[in-house]
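The values are calculated or read from the model by the stated rules, or taken from the named source; none is laboratory data. Bear in mind the structure is a predicted one, so any value in this text is a computation, not a measurement. When we count neighbours, we look across all protein chains shown, and the Cβ atoms used for this are built from the backbone with ideal geometry, even at glycine. All accessible areas refer to the heavy atoms of the entire protein, side chains included, with ligands and DNA or RNA removed. Shrake-Rupley method; radii C 1.70, N 1.55, O 1.52, S 1.80 Å.
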Amino acid sequence: MAASPPTHPIDRHVGAMIRAHRRAAGVSQEEMGAALGLTFQQIQKYETGENRISASKLVEVARALSLPVGALFEGVDVVAGGGESLVARFMSLRDAAPFMAAAVALPEPVRNEIFRLATVYMAEEAAAS
């Protein structure tokens, strides 16, 4: 049996954006599947880029998550150019959604200090390596 062709980077990116927005909305794969008339396994395959998602299904996903369709393509130009989308990478982290919710709820001076500390930490890590 022939090996499956590798997934396309843009398919993986769009899938990662679906996962990110689904998690941010607090929607499980089962709930998303039910809303779209699909199994959670199909949602998993879309989110990993294993299965390509049709344009009509992308519109349904965006509607289910109350998003403009374009939100699922944010950062795709970077991926198409051979890079990696930081948005998709960050949003794929399990704790990204609660972290963002907490950051948005913080007073601006506190949020700015956290961002400053993260930036300083990254600069120090880069200098050490």
Within the set ILE53, ILE114, ILE18, GNM on the chain using Cα springs under 10 Å gives the largest fluctuation to ILE114
When the convex hull of the Cα atoms of the stretch 37-95 is projected onto a plane and the area is averaged over all directions, what value comes out in nm²?
4.7 nm²
Computed P(r) (all Cα pairs; the stretch 1-67; 5 Å bins; percent):
4, 18, 30, 27, 11, 5, 3, 1, 0
Given a 1.4 Å probe and every protein chain left where it sits, what share in percent of the accessible area of the chain is carbon and sulfur?
60 percent
What nm distance separates the two modelled labels at THR119 and GLN41, each placed 7 Å from Cα along Cα→Cβ?
4.8 nm
Normalized C-alpha radius of gyration of the stretch 65-113, against 2.2 N^0.38 Å?
1.41
Vicinal HN-Hα couplings computed from phi for the stretch 66-74 (Karplus, 6.51 cos²θ - 1.76 cosθ + 1.60; Hz; Gly/Pro x)
6, 10, x, 4, x, 4, 6, 10, 4
Accessible surface, per residue, of the chain when the full set of protein chains is kept, probe 1.4 Å, Å²
65 Å²
Plugging the Cβ-Cβ distance of VAL59 and ALA103 into 1/(1 + (r/R0)^6) at R0 = 30 Å yields, to the nearest 0.05, a FRET efficiency of 0.50
Restricting the stretch 57-129 to trypsin sites (Lys or Arg not before Pro) in coil, as DSSP defines it, with at most 13 other Cβ within 10 Å:
ARG94
Would you kindly work out the equivalent ellipsoid of the chain from its C-alpha gyration tensor and give its semi-axes, the square roots of five times the eigenvalues, largest first in whole Å?
30, 20, 12
Taking only Cα atoms and a 10 Å spring cutoff, compute GNM fluctuations for the chain and point out the largest among ALA105, ALA80, ALA35.
ALA105
Neighbour-limited loop hits for GluC sites (Glu not before Pro), the stretch 51-129 (at most 15 other Cβ within 10 Å; DSSP other than H, G, I, E, B):
GLU84
